[in-house]
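All of the numbers you see were taken from the coordinates with simple rules; none came from a lab. As the structure is a prediction and not an experimental result, all values here were calculated from the model. Virtual Cβ from ideal backbone geometry, glycine too; neighbours counted across all protein chains shown.
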Amino acid sequence: MYEFLTPKEHIITVRDRNPDSYIHQHRYWNDNIIRKVLKLQKPMEDIFVTKYPKKRLLQYLILDFDSKENRDESLKEATRMLNFFEKSGHPCVLVDSTNKGYHLYIKISPTLFKDEGNRTIPNWDLFFEEFVRYMIRRSSSKPYYTLDGTNTSAGMRGNIRLLGSIHPATGERVSIVRGEFNDDVLPPTELQDTAMKVAYNFCDVMEDFKKPRKVKKTMVNGYDPIEENDLREVFPQIFGGEIKHYSNYSMMLCPFHSESHPSMMIWSDCFKCTACGEKGNIWTLKKKGLVEFGLNGEVRY
């Protein structure tokens, strides 16, 4: 049941829900500890395990589908994603958390998400997040409403409920409902190779954005249109479609070339497509005839 995890690479956390005895117990596990922890689990205890190994050599992506209102919807969406990845050559394991939803384990070719040799990435958590986001985007054109965004955007951090443990809220045991874990090494798939390339490109764009940029200020009646307009609001107004917001940037389908998965990154004052390379600012849109400026530098569509 636990061969997908590596002993001493994952930490078990036992959390007591009783406020009078609320404690955390962290322990690196082996088979004996697993059996002991599960045997000694108390009715008010949650048992979690770190999602990914500390050495960052991953062979499973772990996603959490939760819905307080409708567990069936969680199952439906998790199964939709599972079907895509299995068809793409990625075996999956579906786990019932017994409370709000399901956990999906997606097998990938063993991949080290840390610096090694000539590979240097300034922020591997950011790289990993984009790698996962791309895999998710490719799996369906429909959004996943029950996919836990916080859990998905936690990089290689975070915990998942331990298989075999009993959920205190339901009294039921967390168990596999579809698929099985095995020791087979999955060769890199075309999907995974593309996701790696997209993540590299994404990080390059993010690093390029951090570099100081000399922007010539061209005023309109004493106002700077770049400062007066947030492109994250302008783009949906011009081109329509869905835009997804992250910390200081947003992503949507690039309007300058045909694509089915978002690659246009938009900041408040500039934009760049990681696929076709189109980039610019509000003045670029003005030159393309897509916007005009009002008296105060605000855009008119």
For the chain, with a Gaussian network of springs between Cα atoms less than 10 Å apart, report the residue from Asp96, Asp208, Asp230 with the top mean-square fluctuation.
Asp208
Length gained when the stretch Glu86-His24 is fully extended (0.36 nm per residue, less Cα-Cα span)
18.7 nm
Run lengths n ≥ 4 of DSSP H only: what is the helix-derived mean residue ellipticity at 222 nm for the chain, with -39500 (n - 2.57) per run over all residues, to the nearest 500?
-8500 deg cm²/dmol
Percent of C-alpha pairs per 5 Å bin, the range 179-296, short to long
2, 9, 18, 21, 16, 12, 7, 5, 3, 2, 2, 1, 1, 0
Given an 8 Å cut-off on Cα distances and at least 6 residues of separation, report the relative contact order of the range 11-192 as a percent.
28
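What is the magnitude of the charge dipole of the chain about its Cα centre, with +1 placed on the Cβ of each Lys and Arg, -1 on the Cβ of each Asp and Glu, and no other charges, expressed in debye to the nearest 20? Write out the running numbers ahead of the final one.
Numbers: 44 positive and 41 negative charges, 83 e Å.
So the dipole magnitude of the chain works out to roughly 400 debye.
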With each pseudo-label sitting 7 Å past Cα toward Cβ, what's the Asn221-Thr189 distance in nm, one decimal?
5.5
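Evaluate E = 1/(1 + (r/R0)^6) for Glu233 and Ser153, where r is the Cβ-Cβ distance and R0 equals 25 Å; express this FRET efficiency to the nearest 0.05.
On the way: r = 22 Å, r/R0 = 0.88.
With a Förster radius of 25 Å, E is 0.70.
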How far is the Cα center of the range 222-301 from the Cα center of the range 28-98, in Å?
38
If you bin the C-alpha pair distances of the range 11-192 every 10 Å from 0, what whole percents do you get?
9, 34, 37, 18, 3, 0
Farthest toward the dipole's positive end in the range 1-147, which of Gly101, Asn83, Pro143, given Cβ charges of +1 (Lys, Arg) and -1 (Asp, Glu) about the Cα centre?
Asn83
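Using 0.36 nm times the number of residues separating Asp115 and Thr13, minus their current alpha carbon distance, what extension gain do you get? Numbers along the way, then the final one.
Working: separation 102, 0.36 × 102 = 36.72 nm, distance 2.80 nm.
Extra length available between Asp115 and Thr13 comes to 33.9 nm.
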If you average the sequence gap of Cα pairs under 8 Å that are 6 or more apart and divide by the length of the range 257-296, what percent do you get for the contact order?
23
So, with +1 on the Cβ of K and R and -1 on the Cβ of D and E, and no other charges, what is the size of the charge dipole of the range 29-76 about its Cα centre, to the nearest 20 debye?
420
Top mean-square fluctuation among Ile160, Ile106, Ile238, Gaussian network model of the chain, C-alpha springs under 10 Å?
Ile238
Members of Lys87/Lys244; Lys8/Lys51; Lys142/Lys272; Lys76/Lys142 lying beyond 18 Å, as alpha-carbon distances in this model show:
Lys87/Lys244; Lys142/Lys272
What aspartates and glutamates sit close enough to Lys100 to cross-link, taking a C-alpha to C-alpha distance under 14 Å and skipping anything fewer than 8 places away on the same chain?
Asp64, Asp66, Glu69, Asp72, Glu73, Glu77, Asp148, Glu172
Determine which residues of the range 175-208 fall in the zone a paramagnetic label at Tyr246 would reach in this model, i.e. backbone nitrogen under 14 Å from the point 7 Å along Cα→Cβ.
196-208
Report the charge-dipole magnitude of the range 178-301 in Debye, nearest 20, computed about the Cα centre from +1 at each Lys and Arg Cβ and -1 at each Asp and Glu Cβ.
740
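Return the loop-located trypsin sites (Lys or Arg not before Pro) in the range 107-193 (DSSP other than H, G, I, E, B) with at most 15 other Cβ atoms within 10 Å of their own Cβ; answer none if there are none.
Lys114, Arg157
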Equivalent ellipsoid semi-axes for the range 36-139, as square roots of 5 times the alpha carbon gyration tensor eigenvalues: give them largest first, rounded to whole Å.
27, 21, 12
